[in-house]
Amino acid sequence: MCELCQDLIDPKETKLAEVLAGYAGRKGALIPVLQKAQEIYGYLPADVLRRIGRGLKIPVARVYGVATFYAQFRLTPMGQNVLRVCLGTACHVRGGAKVLETIEQELGVKDGGTTEDQRFTLEIVACIGACGLAPTMMINDQVYGRLAPDKVAGILAQYE
Amino acid sequence: MKTMKTLLDPCCGRCTHTPETPCRDYVRCQTEGPLCHDDPACRMERERLLRELKTEVGSQKQAVLFCTGTGCASSGSNKLIEIMDAEIKKAGLDVSVSTRPTGCHGFCEQGPIVIIEPAKTFYTRVKAEDIPEIVAKDLVGGERVEHLLYVDPTTGQAATTYANAPFYAKQHRIVLHNCGHINPERIEDYFAQDGYRGFAHALQDMKPDEVIEEVKRSGLRGRGGAGFPTGLKWGLCRQSAGDKKYIICNADEGDPGAFMDRSVLEGDPHSVLEGMMIAAYAIGADEGYIYCRAEYPLAIKRLEIAIKQAEEVGLLGDNILASGFNFRIYIKAGAGAFVCGEETALIASIEGKRGMPKVRPPFPAQQGLWGKPTNNNNVETYSNVPHIFRHGADWYAGFGTEKSKGTKIFALTGKVNNTGLVEVPMGMSLREIIFDIGGGILGGKKFKAVQIGGPSGGCLPESLLDLPVDYDTLVQAGAMVGSGGLVVLDETTCMVDIARYFLNFTQKESCGKCTPCREGTKRMLEILVRITNGEGKEEDIETLEKLAGVVKSTSLCGLGQTAPNPVLATLKYFRHEYEAHIRDKQCPAHACSALLTYTIDEEKCKKCGLCAKNCPVKCITGDKNTPYRIDASACIKCGTCMEKCKFGAVVRA
Amino acid sequence: MEWLTLTIDGRTVSVPKGTTVLQACRMNNIPIPTLCHDPELTATGSCRLCIVDIEGMRNLPPSCVTQATQGMVVRTQTEKVRDARKTILELLVANHPLDCMTCQKMGSCDLAKYAYEYQVTGEAFAGGERRHLPIDDSNPFILRDPNKCILCGKCIRACEEVQGRGVLDFSHRGFNTQVGPAFDLPYAESECVFCGSCVSVCPVGALTEKQMAGQGRPWEVKKVQTTCPFCGTGCNFDLNVKDGKVIGVTSNPEAPVNGRALCVKGRFGMDMIHSPNRLTTPLIKKDGEFVEASWDEALSLVAEKLGEIKAQYGADSIAALSSARCTNEENYLMQKFMRAVIGSNNVDHCART
Ligand SMILES: Cc1cc2nc3c(=O)[nH]c(=O)nc-3n(C[C@H](O)[C@H](O)[C@H](O)COP(=O)(O)O)c2cc1C
Ligand code: SF4
Ligand code: SF4
Ligand code: SF4
Ligand code: SF4
Ligand code: SF4
Ligand code: SF4
Ligand code: FES
Ligand code: FES
């Protein structure tokens, strides 16, 4: 199949093409386009980065440079659930590191890693803005506050 | 005759204001109108709507306010509103009582928070099952639900209203005035609080230079970290030659542990827009950007709504209020890089580049976004501005100290009873903030230090608790106001670990452009890790001090230039803790896990098995007949077993 | 022109307005170590080695991006400045393979030069984490050892600003920052045209000419400036000659036409000098086979054939097509020959359309 036909068939590619067309010629488009592409694909595959470079007329080395600079961008697929453990100051002081260690043991992965069964991707973040509830973590969009190491297993078990 | 459904509707056919045919008196008309014609019916209608919006004492209507800030929302406050709406309907109260989602009250610890206006009754940690009781007892019966009131942990007294909870009593809320009280998704709520009056006054009654003079006279200094005088900054940008100028609002709030910008954006977004409009008019800019952390989706959503509303009523766009002034605001979502809070990196990021800072000069005021003169201020800085133009520079300058005027919001967190956002006049002492407002140390432990200013700041010991908090005194003491993070540390916090924590943060967030920061913070971190692991060497302190000096004096941007501060400050006030780790291989606070072991004292152990049951990594074995033992190689030293054991059989050494 | 007077290390010097402190020092033979600065590229002020002490400034500002001002008092060799420079060098060396013995750059390496000057061994911060990135040996021209890269960014700027390609950029961040083509791929898999501009600006052994590896040390090499024989642009460069043998080419910044810029042929094509495949005599096809011939024999054959054609079909039946890549002189001779000797105006060249 040629590239043109693929464009017509894969709905993700069509969406990306729409995004690129919407930003064509606009200044400062790269980061919002990468954000939208990540929404479409769940992560940023190399081919998508190349395509974005072509679409925005930006050298692909720069696209890659930007994609690897910002923590938000993922170049590998994520697990079904994204678990963000807060190690902001408030959480650190109230024992966030111990919660993290427990989670690392429980899941067998470290910061940025995805479990073998693709169930969780673990990320360390610095402050999710719920410091009053420290220590905290977020699974997908749900915030969990006032954590302790012994509460971890129960929460993780709720996710498929 | 009831023609107006909301305050935004024209009172009658005589009102001609639209964004295309702007009326210069539109803003004032919202609260004092109608101004272009005299009609008692129109006036009464407006007054009625205003009263409803404000639910002031004496109001016929009651409002139930629910905090929907991130903290309370995570504890389920949006669900509570639904339940309350249903209950109100069931009780047939829907004519006299309404619910109102608001922004954060700053007391997230006690969330979800519910307030009943006009009585100011303050309910904390409200659960779904409490709602029917609130309806029956309070809204119908007019009595307080005692068990939901906030009880001061030190005095044991219940606070009847939020105003007399000690957490709020000593605060002076200017920037946070509307947060937690108005519905941030409705511009009419903001109008009802005299919103946009400051902008209208500046735009219509003052020349740009006079606006800048007024800001200078108010003494306002930047709340984003360095405390640069705001009026001076605006003046420099105004003087820069250029046909095109930009305004930027720095909403990147990267300090891990500070969340005041988030609360303002979520709770009172129009105040930020109003501040930006005044700045744009003063400087001569016609476009503005708000650079907001991607981790703040709710703030972005509320800003989008606020911008749309301001456009719809003609406060953003062309020929604003028939003045000929044009201004538009765009939102840029950040992508997760602390260094993008630094203004030149932030500009690079808006331009779609890696967020690597640039050498200054040229300063953004000379060559900023896309090479054009650009003014950048912090969220809190902008939201102070409308108040200066509503009440005057002299009023504003009446708060604070000689060189630091106005109020500052602090994010009080850590080992303190009342965590949350506190806004106090500059110059209040740390003791008042931590002990009077914060209610003292959690669990009755002993205060050790307070960390101020996040990764660029420092730790101050007990002997400096009476220091008045303002820009200059803190810098002298080796800390800084920074973003306003105030993290309280108690006797169980290890100061070397705190230094290691911050270095780890800055090291991870270094952009990598310049050598001292990229390589130097890494080596400093390696030394600190070594010390906290009990592998410190005698010369480590000296090496740290030397590296700190070089990284500070030769790094390109503020990140590197301030990264060593947490190390230098802890070395200054807590050097003995470093020495204990290095020489005695001991952590005086019993916090560094490598220097700890947990064992079970067989004599004291009653074989209840509670420790084994609660150990998160299941490294405790034993049963009724075999003594309980901890497998030291698997133990993550979380301390849970020690906490759980009722017989004090778990020993930490 | 407006002139400024400033004091550097106690000397009073005058420089034109718009001069940086670094330029002011260099104009007056005051040495300042630099790694990321290049007069032909945008200044980034990132290596921080060129720091100096300036009265009234809080920190140690980098001289390469600090404008000289009237009355400025600069000190370039105070203890504080020298200590800071030494620490910066120690930090670079702590994350660097000390391969000087076999490194092609030894002798022209700026890092080694300054390490020597500031007496930096590899001892400070020894035992810390270091990069271990794969060496890029993917192509015949450029050898890239990212572990030696000091992240000065000059190659990025050369590729972007001089060559207009944008093949290289920074990737990742902080301590993990790298410089290279997209996706950290080898050069061979990128859009690189192997002009070698990046190699010519690299201050260390991260980018070197592969052909020269192991062939000779800079101090053993005689540099002979010459004009490139490959095309009419007329680039100049230095042949690196060791023991009478050309081992490679390096840019000569003084080259009048091209400065340091070259193309792949000029920079990496000079191995043809000693190539066994090179034609050294004319070849004449006889019975379908090329047979070696003398110049006289070959030229006579061409003259004879051209004469025959002209006699039989007329001068207009002969045309000459020349190349824009030939020198002006060669093209002049070619058309002169056509008009004066052959008698035809049928002259054209490849770059006409
Ligand atoms: C590493 C670094 C991070 C920063 N982060 C922020 C930030 O998150 N928010 C902010 O307002 N200012 C931040 N600043 C300060 C800004 O560079 C800038 O000084 C500020 O936005 C100016 O606004 P102000 O004058 O209103 O304070 C940061 C500075 C540095 C060096
Ligand atoms: S100090 Fe750090 S963050 Fe700032 S430019 Fe240098 S490496 Fe980047
Ligand atoms: S300290 Fe934590 S990990 Fe270690 S034995 Fe006790 S409960 Fe288990
Ligand atoms: S790049 Fe320079 S310092 Fe590094 S190994 Fe080569 S010669 Fe030595
Ligand atoms: S050889 Fe030329 S094209 Fe290739 S990366 Fe280097 S400068 Fe760019
Ligand atoms: S490869 Fe050379 S020129 Fe490029 S950044 Fe590294 S050290 Fe600098
Ligand atoms: S362009 Fe290339 S072939 Fe032509 S003279 Fe220059 S280096 Fe030689
Ligand atoms: S520090 Fe963890 S939520 Fe703020
Ligand atoms: S040469 Fe000036 S900072 Fe690198």
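The values are calculated or read from the model by the stated rules, or taken from the named source; none is laboratory data. Everything quoted here is computed from the prediction, not taken from an experiment. FYI the Cβ positions are ideal-geometry reconstructions off the backbone, even for glycines, and counts take in every protein chain you see. Please note that ligands, DNA and RNA were not included when accessible areas were found on the heavy atoms of the full protein model with its side chains. Shrake-Rupley method; radii C 1.70, N 1.55, O 1.52, S 1.80 Å.
Wholly within region B:562-653, which helices (runs of 4 or more DSSP H) include no fewer than the required count, namely at least 3 residues that are open to solvent by less than 40 Å² (accessible area, probe 1.4 Å) and more than 14 Å from ligand 3 (Cβ to nearest atom)? Reasoning before the result, please.
On the way: elements: B:565-583, B:610-614, B:640-644.
It comes to B:565-583.
Determine whether region B:480-497 contains at least one residue that is without any contact (Cβ under 8 Å) to a residue 24 or more places away in the chain, more than 16 Å from ligand 3 (Cβ to nearest atom) and either within 11 Å of another protein chain (Cβ to nearest Cβ) or within 25 Å of the chain's Cα centre (by Cα) (or both).
no
For residues that are over 19 Å from C:Leu111 (Cα atoms) and crowded, with 22+ Cβ neighbours inside 10 Å, tally how many sit in region C:137-156.
Qualifying residue count, region C:137-156: 1.
Answer with yes or no whether C:Leu22 is part of a loop (DSSP other than H, G, I, E, B), in contact with a helix residue (DSSP H, G or I) (Cβ under 8 Å, 6 or more places away or on another chain) and open to solvent by less than 10 Å² (accessible area, probe 1.4 Å). Even if it seems obvious, please write down each step before you answer.
Numbers: part of a loop (DSSP other than H, G, I, E, B): no; in contact with a helix residue (DSSP H, G or I) (Cβ under 8 Å, 6 or more places away or on another chain): yes; open to solvent by less than 10 Å² (accessible area, probe 1.4 Å): yes.
So C:Leu22 fails the test.
Residues that are in contact with a Ser or Thr (Cβ under 8 Å, 6 or more places away or on another chain) and either crowded, with 20+ Cβ neighbours inside 10 Å or more than 12 Å from chain A (Cβ to nearest Cβ) (or both): does region B:342-355 have at least one?
Checked against the condition, which is being in contact with a Ser or Thr (Cβ under 8 Å, 6 or more places away or on another chain) and either crowded, with 20+ Cβ neighbours inside 10 Å or more than 12 Å from chain A (Cβ to nearest Cβ) (or both), region B:342-355 yields at least one hit.
Looking only at region B:225-234, how many residues end up being open to solvent by less than 50 Å² (accessible area, probe 1.4 Å) and outside any helix (DSSP H, G or I)?
Total satisfying the criteria: 2.
Which of the residues belonging to region C:184-224 are away from ligand 9 (no atom under 16 Å from the Cβ), in a helix (DSSP H, G or I) and more than 14 Å from every other protein chain (Cβ to nearest Cβ)?
Those that are away from ligand 9 (no atom under 16 Å from the Cβ), in a helix (DSSP H, G or I) and more than 14 Å from every other protein chain (Cβ to nearest Cβ): C:Ala188, C:Ser197, C:Val199, C:Ser200, C:Lys210, C:Gln211, C:Met212, C:Pro218, C:Trp219, C:Glu220.
Please work out if C:Val120 is more than 16 Å from ligand 3 (Cβ to nearest atom) and at pLDDT below 95.
no
Take the residues of region B:513-533 that are in contact (Cβ under 8 Å) with a residue 60 or more places away in the chain and not in a helix (DSSP H, G or I): which is farthest from A:Ala97 (Cα to Cα)? Please lay out each step first, then the result.
Taking region B:513-533 first, the residues in contact (Cβ under 8 Å) with a residue 60 or more places away in the chain are B:513, B:532-533.
Add one more test, that the residue is not in a helix (DSSP H, G or I), and what stays is B:513, B:533.
Details: B:Lys513: 29, B:Asn533: 15 Å.
Looking at the filtered set, the residue picked out is B:Lys513.
Can you name the residue in region A:94-128 that is in contact with a strand residue (DSSP E or B) (Cβ under 8 Å, 6 or more places away or on another chain) and small (Gly, Ala, Ser) and, of all such residues, is farthest from ligand 5 (Cβ to nearest atom)?
A:Gly96
Which of the helices (runs of 4 or more DSSP H) found entirely inside region B:235-325 contain at least 3 residues meeting this: more than 14 Å from chain A (Cβ to nearest Cβ) and closer than 30 Å to B:Gln451 by Cβ?
The helices (runs of 4 or more DSSP H) meeting that bar are B:269-283.
Applying the selection to region B:312-339, what residues are touching a strand residue (DSSP E or B) at 6+ places or on another chain (Cβ under 7 Å) and within 23 Å of B:Asp261 (Cα to Cα)?
B:Leu316, B:Phe327, B:Arg328, B:Ile329, B:Tyr330, B:Ile331, B:Lys332, B:Ala333, B:Gly334
B:Lys216 is checked against (1) within 16 Å of ligand 1 (Cβ to nearest atom); (2) buried (at least 21 other Cβ atoms within 10 Å of the Cβ); (3) in a helix (DSSP H, G or I) and fails just one. What number does that condition carry?
(2)
Going residue by residue through region C:50-64, is there one that turns out to be in contact with a Phe, Trp or Tyr (Cβ under 9 Å, 6 or more places away or on another chain) and either under 26 Å from B:Ala548 (Cβ atoms) or more than 16 Å from ligand 6 (Cβ to nearest atom) (or both)?
For region C:50-64, residues in contact with a Phe, Trp or Tyr (Cβ under 9 Å, 6 or more places away or on another chain) and either under 26 Å from B:Ala548 (Cβ atoms) or more than 16 Å from ligand 6 (Cβ to nearest atom) (or both): absent.
Determine whether region A:119-128 contains at least one residue that is farther than 30 Å from C:Asp184 by Cα and more than 16 Å from ligand 7 (Cβ to nearest atom). Please lay out each step first, then the result.
Residues of region A:119-128 farther than 30 Å from C:Asp184 by Cα: A:127-128.
Narrowing further to those that are more than 16 Å from ligand 7 (Cβ to nearest atom): A:127-128.
Yes.
Determine if region C:159-176 includes at least one residue that is buried (at least 18 other Cβ atoms within 10 Å of the Cβ), hydroxyl-bearing (Ser, Thr, Tyr) and more than 14 Å from chain A (Cβ to nearest Cβ).
no
Check off (1) part of a helix (DSSP H, G or I); (2) in contact with a helix residue (DSSP H, G or I) (Cβ under 7 Å, 6 or more places away or on another chain); (3) open to solvent by less than 50 Å² (accessible area, probe 1.4 Å) for C:Ile284 and give me the number that stays unchecked.
Answer for C:Ile284: the failing condition is (1).
Looking at region B:531-555 only, could you name the residues that are within 11 Å of chain C (Cβ to nearest Cβ) and of a type in the set (S, T, N, Q)?
Those that are within 11 Å of chain C (Cβ to nearest Cβ) and of a type in the set (S, T, N, Q): B:Thr543, B:Ser553, B:Thr554, B:Ser555.
Restricting to region C:157-178, name every residue that is in contact (Cβ under 8 Å) with a residue 40 or more places away in the chain and either under 18 Å from the mean Cα position of the chain (by Cα) or not assigned by TED's automatic domain parsing to the domain that holds C:Cys198 (or both).
Matches in region C:157-178: C:Arg157, C:Ala158, C:Glu161, C:Val162, C:Gln163.
So which residues in region B:508-524 are under 29 Å from the mean Cα position of the chain (by Cα) and either more than 9 Å from chain C (Cβ to nearest Cβ) or surrounded by fewer than 22 Cβ atoms within 10 Å (Cβ to Cβ) (or both)?
Across region B:508-524, the qualifying residue is only B:Lys508.
Against the definition (in a helix (DSSP H, G or I) and aromatic (Phe, Trp, Tyr)), how does B:Tyr330 come out, yes or no?
no
When you check C:Glu123 against the structure, is it surrounded by fewer than 16 Cβ atoms within 10 Å (Cβ to Cβ), without any contact (Cβ under 8 Å) to a residue 12 or more places away in the chain and acidic (Asp, Glu), yes or no?
yes
Tell me yes or no: at least one residue of region C:40-63 is among the basic types (Lys, Arg), open to solvent by less than 50 Å² (accessible area, probe 1.4 Å) and closer than 24 Å to C:Thr87 by Cα. Steps first, answer last, please.
Within region C:40-63, the first condition is being among the basic types (Lys, Arg), and the residues that meet it are C:48, C:58.
Keeping just the survivors that are open to solvent by less than 50 Å² (accessible area, probe 1.4 Å) gives C:48.
So of that shortlist, the ones also closer than 24 Å to C:Thr87 by Cα come out as C:48.
Yes, that holds for at least one residue.
Does region B:308-319 include one or more residues that are among the basic types (Lys, Arg) and out of contact with any helix residue (DSSP H, G or I) (no Cβ under 9 Å at 6 or more places or on another chain)?
yes
Of the conditions (1) out of contact with any helix residue (DSSP H, G or I) (no Cβ under 8 Å at 6 or more places or on another chain); (2) away from ligand 9 (no atom under 15 Å from the Cβ); (3) under 24 Å from C:Leu168 (Cβ atoms), C:Gly56 clears all except one; give me its number.
(3)
Mind checking which residues of region A:20-42 are within 14 Å of chain B (Cβ to nearest Cβ) and in contact (Cβ under 8 Å) with a residue 12 or more places away in the chain?
Residues satisfying the conditions are A:Leu20, A:Tyr23, A:Ala24, A:Ala29, A:Leu30, A:Ile31, A:Val33, A:Leu34, A:Gln35, A:Lys36, A:Ala37, A:Gln38.
Can you find, within region B:464-475, the residue that is most open to solvent (accessible area, probe 1.4 Å) among those that are in a helix (DSSP H, G or I) and over 17 Å from B:Phe574 (Cα atoms)?
Residues of region B:464-475 in a helix (DSSP H, G or I): B:464, B:471-475.
Going one step further and asking which of them are over 17 Å from B:Phe574 (Cα atoms), we end up with B:471-475.
Numbers: B:Tyr471: 12, B:Asp472: 57, B:Thr473: 35, B:Leu474: 0, B:Val475: 95 Å².
Step by step, filter region B:464-475, then rank; the result is B:Val475.
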